[in-house]
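Contents: one structure, followed by commentary.
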């Protein structure tokens, strides 16, 4: 395959998202830079696996696979990586739709041979038709989207966001796959952080590696009504604190919380001030946004404190699988010009 062939991995787990999955696949098939293959990885759901296999049996560029590891998003992504053949592996959430030039913008980032990962901008698509008045843009990560506070343009970052990201295949050869034990695993609690842990581990394995976000690589992430509620906001921010404790356990608090310190000390106080200002000016939702920022900070801090105690007591460890690639080392060498 050519050096810039893309494999796109979409992980799915529930038939409740059937139409979302079809739309996600359709958006990849409509790319201006066509993907070499689309891998649909089904997470321990035989009924969905059979249904998707039947849906795409006459579509050769779409391959439907069962998650070969333990239940959860990390193992599903690892299954897709291992089965893929492209020099670049991209990831799209199963409830998101990519704009037509999504892969083309990813591809431009890899003109620099030291770039190992390129992420994009994820915009919320609210089920109610508009953002809840109380919902602060600084917390759009709660619903899997790009949040206010990230710099615009094409910028170097510590980590990309897993639902809208791409990696050179050799990144996984150097650092292994996504760690199981971090992130969503079928439990009701909305954990995350697996892409952060992987990116930090990758930067340690290859210190000269460059990770980028290009905000022209846009996807639209669907936000169901249940996630527009304040109760979900509070639960998700608490779960993020738990997740950060796991990430810090894996890679150390220094790198694991590096970006979060700036976010907490600069971005969030500015968000509170904007909310208070809007309230004083009589603008709708100002007080609610200020209150939500404070609640989110406190919930995440509580989650981190509880999570830190748990990992110390339990001696939590994580499995970082080596990826058994579907391509040969010779093919990888031809496809990737970077040398550490």
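The values are calculated or read from the model by the stated rules, or taken from the named source; none is laboratory data. Keep in mind that what you see is a predicted model, and the values were worked out from it rather than measured. Note: ideal-geometry Cβ built from the backbone for every residue, glycine included; neighbour counts use all protein chains shown.
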Going by what's in this entry, would residue 273 be described as modelled with pLDDT of 70 or more and either surrounded by fewer than 16 Cβ atoms within 10 Å (Cβ to Cβ) or touching a strand residue (DSSP E or B) at 6+ places or on another chain (Cβ under 8 Å) (or both)? yes
Take residue 76 and decide whether it is surrounded by fewer than 16 Cβ atoms within 10 Å (Cβ to Cβ) and not in a loop (DSSP other than H, G, I, E, B). no
In region 24-50, anything surrounded by fewer than 16 Cβ atoms within 10 Å (Cβ to Cβ) and part of a helix (DSSP H, G or I) is listed as 26, 29, 46, 47, 50
Restricting attention to region 223-231, does a residue exist that is crowded, with 19+ Cβ neighbours inside 10 Å, modelled with pLDDT of 95 or more and either part of a strand (DSSP E or B) or in contact with a strand residue (DSSP E or B) (Cβ under 6 Å, 6 or more places away or on another chain) (or both)? yes
If residue 134 satisfies all but one of (1) modelled with pLDDT of 95 or more; (2) touching a strand residue (DSSP E or B) at 6+ places or on another chain (Cβ under 8 Å); (3) surrounded by fewer than 24 Cβ atoms within 10 Å (Cβ to Cβ); (4) closer than 29 Å to residue 288 by Cβ, what's the number of the condition it fails? (2)
Residues that are touching a residue at least 40 places away in the same chain (Cβ under 8 Å) and closer than 28 Å to residue 274 by Cα, at least 3 per element: which strands (runs of 3 or more DSSP E) completely within region 109-182 meet that? 115-126, 154-156
